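Worksheet: the structure to be examined is printed underneath.
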Amino acid sequence: MHGVEDNDGPESFECITDDEVAEVQAALEIGDLTEAASRLKKSLESLDNAKLDIAITGESGSGKSTFVNAIRGIEDEVDGAAQTGVVETTMDPSPYQYQNHSNVTIWDLPGIGTPKFKADAYLDRVNFSRYDFFILIASERFKENHILLALEIQKMGKKFYFVRSKVDSDLYACKRRRKSTYNEERILNEIRDNCTNCLKEGGIESPKVFLLSCCELGLYDFQTMQDTLERELPGHKKHAFLLSLPNISVAVLQKKKEVLRQQIWKLAVLSGAIATAPVPGLSVACDLTILVKTMKGYLKEFGLDEESLSKLARKFDKSEDELRAVIKSPMVVNEISTEIVVKLMTKAAGGGIMVIEYALSTIPIFGSAVAGGISYATTHYMLESFLKEIAEDAERVLTRALDSSVDS
């Protein structure tokens, strides 16, 4: 594995509270590695188990169920997909979880387009308190029912966002009708301004409207929506949201890399503290189970495991061999195992001074209390190097799947 160059300082650790840093650092300074490991283990578990419930609603035919499938990265026709159709297919709140993130649930709520719709009764019916935030979808314009529901949600103190779906269809129609004057950016601005003004007239202050196409989720305002939710969600729920996003763009892959990287120091301390399997011939003892499990988890997060690659190949009508051809990391090409990890640890630990210096430069908040240990340094170095490599591989695979040019 090649070296790591893009090091971040402690300011990048967004999921670490000041209290957590103080507690762990105090334990490390007195040499109580067991206590530090215990605290870090609880911290990692709380991140992994953080629940996020997202409610999706709107009128019949607006694309609610299609959005539910798109945000989960699956096609409408596969097993486990939300049922879609031109008429209302959702009678009760229907939960849909992510395959690799069962703690994140997308709720497809019943439509709100009936003449007798009452916002307060609707929220009571769908169990309002269950959800972290709401996404209200419209395929044409936002109507009175959207506004009434948003005002009721606002009254109850929860976040809500507006999604104007099917903008690809609008752009296609405009392109056919305005062949000589067609301007995509201007048309998108017209749609966005129209939606925003309509909502403001209905009493919604500073409405957040995102223009999306569920057929091409990564286009238009998806990145803006992702950034907004990332900014407004609390720490652990932000972590869950970012990791659950489908790998539809380089920007998503970069966000996942950042989120996973923030946790490496915790895993490195934990690995060294509960070491159970010393590597033969080295003065290093790391918990190989943690290393192997974490690396396999990284593969799933970036869609580089066998099942994910197979799904991606089918989705874009590619062969798996074509996608695998752009993968460079030997840890992806060969199945991750304890034996392979040991060989790579031996290679990494062989440059012991270099590894320690690397660790000291990347985790300055802990000083030499832990970073001086070859075990901690090797684990940290390996995970960071591996994460960097497979993030680059994931970008190459996505680019090849989308038929763009790929550097050889």
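The values are calculated or read from the model by the stated rules, or taken from the named source; none is laboratory data. These figures come from a predicted structure and were not determined experimentally. Because the Cβ atoms are built from the backbone with ideal geometry, glycine has one as well, and the counts that use them run over all protein chains shown. Calculation scope for accessible area: heavy atoms of the full protein, side chains included, ligands and nucleic acids excluded. Shrake-Rupley method; radii C 1.70, N 1.55, O 1.52, S 1.80 Å.
On the beta carbon distance between Asn194 and Thr399, with R0 = 30 Å, the FRET formula returns roughly 0.30. Between Ala251 and Gln97, the modelled labels are 3.0 nm apart [label points 7 Å from Cα along Cα→Cβ]. Ordered by 1.4 Å accessible area with all protein chains kept, Glu232, Glu205, Glu389 run largest first as Glu205, Glu232, Glu389. Using the Cβ-Cβ distance between Lys143 and Ser319 with R0 set to 41 Å, the FRET efficiency from 1/(1 + (r/R0)^6) comes to roughly 0.35.
Sparsely packed loop sites in the range 182-263 (the chymotrypsin sites (Phe, Trp or Tyr not before Pro) outside DSSP H, G, I, E and B with at most 14 other Cβ atoms within 10 Å) comprise Tyr182.
In the range 131-281, Cα pairs under 8 Å separated by at least six residues give a relative contact order of 18 percent. For the range 70-77, putting each phi into the Karplus relation 6.51 cos²θ - 1.76 cosθ + 1.60 with θ = phi - 60° gives couplings of 5, 6, 8, x, 10, 7, 5, 9 Hz, in residue order, rounded to whole numbers and with x for Gly and Pro. Using R0 = 22 Å, the C-beta based FRET efficiency linking Ser337 and Lys311 works out to 0.40.
Spin-label model, Lys41 to Thr228: label points 7 Å out along the Cα-to-beta-carbon direction sit 4.2 nm apart.
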